[in-house]
Amino acid sequence: MSDPLLVHYEDLETGQVVPLGACAVDPAALDVFVERFSPGWDAAYGAPDAMVYALWSRLAAEKAGGWAQTKVLAVDGLRYLRNPPPGELLRGRMTVMGKDPVGDEKGIVIASHDLLDEGGRLVFSCLTRAVFSRR
């Protein structure tokens, strides 16, 4: 799985952990986000839940951009555990929880996604189901 352009259904194994990359809670972006999307939220409390979701979504989309993933069917089981402060570095990971083949040409990958803070504490998690092409 060294080249993300080659990741198909068969390339992912149940239990496999895939790093999604890292991003920081940019203080200026936090201020703009709060102003436009979370009026009334005090940025001193850290990034609001919607911004945490947007940061995870960006990491997941960037990682999966070249994968043979044709559609994300569901994102559910969202859990927000912390509101990271400005400047906090967040790291994403995806753990493959299960796989279901669907015919000869595709399969569904069930995965748990996590965002962790600099101390390794869980900030956000969710479950996804995505359709991948088979080789």
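The values are calculated or read from the model by the stated rules, or taken from the named source; none is laboratory data. Since the model is a prediction, treat every value here as computed from it, not as a measurement. Using ideal geometry, Cβ is built from the backbone for each residue, glycine included, and neighbour counts are taken over all protein chains shown. Each accessible area value is taken on the protein alone, full model and side chains, heavy atoms only, with ligands, DNA and RNA left out. Shrake-Rupley method; radii C 1.70, N 1.55, O 1.52, S 1.80 Å.
Out of all the residues in the range 6-16, is one or more in contact with a helix residue (DSSP H, G or I) (Cβ under 8 Å, 6 or more places away or on another chain) and at pLDDT 95 or above? Looking through the range 6-16, none of the residues is in contact with a helix residue (DSSP H, G or I) (Cβ under 8 Å, 6 or more places away or on another chain) and at pLDDT 95 or above.
Of all the listed residues (LEU78, LEU115, LEU55, LEU59), the sole one being over 19 Å from GLY21 (Cα atoms) and either within 17 Å of the chain's Cα centre (by Cα) or among the basic types (Lys, Arg) (or both) is LEU78. For the range 94-129, residues that are in contact with a Lys or Arg (Cβ under 7 Å, 6 or more places away or on another chain) and closer than 12 Å to LEU12 by Cα total 4. Note on the range 13-44: residues that are within 25 Å of GLY77 (Cβ to Cβ), loosely packed, with under 11 Cβ neighbours inside 10 Å and out of contact with any Lys or Arg (no Cβ under 9 Å at 6 or more places or on another chain) amount to 1. Going by the conditions given, is LEU90 within 24 Å of PHE37 (Cα to Cα), within 14 Å of the chain's Cα centre (by Cα) and touching a residue at least 60 places away in the same chain (Cβ under 8 Å)? Yes. Is it true that TYR53 is out of contact with any helix residue (DSSP H, G or I) (no Cβ under 9 Å at 6 or more places or on another chain), open to solvent by less than 40 Å² (accessible area, probe 1.4 Å) and among the hydroxyl-bearing types (Ser, Thr, Tyr)? Criteria not met by TYR53. Applying a threshold of 8 Å to beta carbon distances and a minimum spacing of six or more residues, or different chains, the list of pairs starting in the range 65-84 at a residue that is farther than 28 Å from VAL34 by Cα and ending at one that is open to solvent by 70 Å² or more (accessible area, probe 1.4 Å) and part of a strand (DSSP E or B) reads THR70/LYS106; LEU73/ARG129.
Kindly state which strands (runs of 3 or more DSSP E) lie completely within the range 73-135 and contain at least 1 residues that are modelled with pLDDT of 95 or more and exposed (fewer than 15 other Cβ atoms within 10 Å of the Cβ).
Numbers: elements: 89-102, 106-116, 122-133.
Correct list: 89-102, 122-133.
The set of residues from the range 2-52 being β-branched (Val, Ile, Thr), over 20 Å from SER112 (Cβ atoms) and touching a residue at least 40 places away in the same chain (Cβ under 8 Å) comprises just one member, VAL25.
Selection of the range 58-72 for residues being of a type outside the set (Asp, Glu) and either in contact with a Gly (Cβ under 9 Å, 6 or more places away or on another chain) or outside any strand (DSSP E or B) (or both) yields ARG58, LEU59, ALA60, ALA61, LYS63, ALA64, GLY65, GLY66, TRP67, ALA68. Going by what's in this entry, would THR70 be described as surrounded by fewer than 19 Cβ atoms within 10 Å (Cβ to Cβ) and β-branched (Val, Ile, Thr)? Taking the combined requirement at face value, the residue satisfies it.
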